[in-house]
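Have a look at the structure below, then the notes.
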Amino acid sequence: MAVVEPSPSLEILVREPEGFFIWNGPPYLSGEPGVKLNKIPCTGAKFSDDGSKLMVTKSDSVISIFDCKTLREIRSFDIPNVLAAVISPCGTYLQTFQKCSSPQHKNVVLWKIENGESVYQLFQKNMTKVTWPSVRFSSDETVACRLATNEVQFFDPRDLSKGFVNRLRVPGVAAFELSKAPGSYVAAFVPESKGMPASVQIYGCGKDLQSQAVARRSFFRCSTVQLSWNSGSTGLLVVVQSDVDKTNQSYYGESKLNYLTTDGTHEGLVPLRKEGPVHDVQWSYSGKEFAVVYGFMPAMATVFDKKCNPLLELGTGPYNTIRWNPMGNFLCLAGFGNLPGDMAFWDYKEKKQLGTTKAELSVTSEWSPDGRYFMTATTAPRLQVDNGVKIFHHNGSLYFKKMFDRLYQVDWKPESVENFGDVEDLVKAVVSVKIDEARAPGKGSKETQAVPKAIPANPTAAKPAAYRPPHAKVAAAVQAELFGGSSSGELSKNALKNKKKREKQREKKQAEDASATGRS
């Protein structure tokens, strides 16, 4: 009989001004998380995409690498005047950017974490969101490339010391995005120039496939683009942003959502049903569907298949964020940033809403790797007050909350979806754990204690109450005080008695008036 490997436990990185520590992830039998790694002083921390390594910036010259299984430091790099650092998706390489003194100084360095040796260096004058990291890897690290003048240069990830081994010529290229898994395609963006429209072109990463683009789309009135590949590298979503809205409907310009496929079956606009900006778009884990939040407020949210056919309407509301859980079963539709923090949770398979709630002032938000929990956080320096973290169940009910004097970062440790069982079984397990929690005496404070009652699998969504201005609420309260009613509209016993007395007097007076009219 085959031995079934247990699902990995969830872990959460929490960083305060003094440093970071690692929590156990939920469920919490005692009402609050345990600490797996005590506080370590640092100025920054970042997991590799596969969750195998943790990069910790301890100062402007010291970067340490931790093994996530043992939570022990395995390598330390002493690099003076480091401005930025990033770890490769599988934790094989560390890439650093230093202050540059001259072009002769190779200020971008790739280090092999296993032995601590430098394997590639280059000069880069400045660092921007488009140009950093300089060398980019596919999620499985089988492809590595970098943006250069009028070309994209490709490396051999097994031996970066050879430098680039082939190049893709794209005149005027200003940004690119390498497909994640598999890393078989690269999308290149060329901005407008001398009356020529901007364009996004897709090329194969293989040397023999780079002679001709497999897909191309041109855009007028295009300032910047956001490129998003699906899992499987078959489709690319392109959010085209213009600084100026020709219709004068938006101060922030206008945006359009385009969709391109690597097999050439689709190159065009996604048919959105409402005018306005594209707030957010995200692919499902399978890469077969994507969800979009779009339109002037109240925004609309729709799930499309990979042929751009609408599959599910998620309604309208004050939303600008969409988050799809790793299993592809649940969706969170939310309004963060300058919006009040409304959240709606959906079961995608059952095509129904599970519940609604709020997480005001949230700066970050993400599903847990097992798809059961949704975590939001209010962090500095974006917000200096009300810093804290909240964890919700998949149906929107609050599971855990903790406040901090100052909180800089909260992240789930990444895990592969294949390491977890079916989400329906996991949800049943959560409900049973919560029942056990209800029976056991809670050890945590009221603020951090887990929800004691079992949450039904399909709670009905609460219908929002109609808006009442403040002066109307005050008037209702005054009226309740004068006439014996309540501000919610319910009457007290005395008020009900007086109301019946007035009704009887009114009926008696009407009868007397009628008899007097008959006599005359």
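The values are calculated or read from the model by the stated rules, or taken from the named source; none is laboratory data. Treat the numbers as computed from the prediction; the structure is a model and nothing was measured. When we count neighbours, we look across all protein chains shown, and the Cβ atoms used for this are built from the backbone with ideal geometry, even at glycine. Surface accessibility is based on the protein's heavy atoms, side chains included, excluding ligands, DNA and RNA. Shrake-Rupley method; radii C 1.70, N 1.55, O 1.52, S 1.80 Å.
What is the local net charge at W412, summed over the other residues whose Cβ is closer than 11 Å to its Cβ (Lys, Arg +1; Asp, Glu -1)?
-4
Leaving out ligands, DNA and RNA but keeping every protein chain, what accessible area does M375 have, in Å² rounded to the nearest 10, with a 1.4 Å probe?
Taking all protein chains as shown, M375 has close to 10 Å².
What does segment 333-388 give for Rg and for Dmax, in Å, if only its C-alpha atoms count?
In Å, with Rg to one decimal and Dmax whole: 12.6, 40.
Heavy-atom accessible area of D386 with all protein chains present, probe 1.4 Å, nearest 10 Å²?
Approximately 100 Å² of D386 is accessible to the 1.4 Å probe.
Output needed: percent of Cα pairs per 10 Å distance bin for segment 105-246, bins running from 0 to the one holding the longest distance.
11, 40, 34, 13, 2, 0
Can you check how the C-alpha radius of gyration of segment 32-158 compares to 2.2 N^0.38 Å, as a plain ratio?
Cα-based Rg divided by the globular estimate yields 1.09.
Around D78, what is the net charge, scoring Lys/Arg as +1 and Asp/Glu as -1 over all other residues with Cβ under 12 Å from its Cβ?
Every neighbour counted, the sum reads +1.
Percent of accessible area on segment 113-261 owned by carbon and sulfur, 1.4 Å probe?
50 percent
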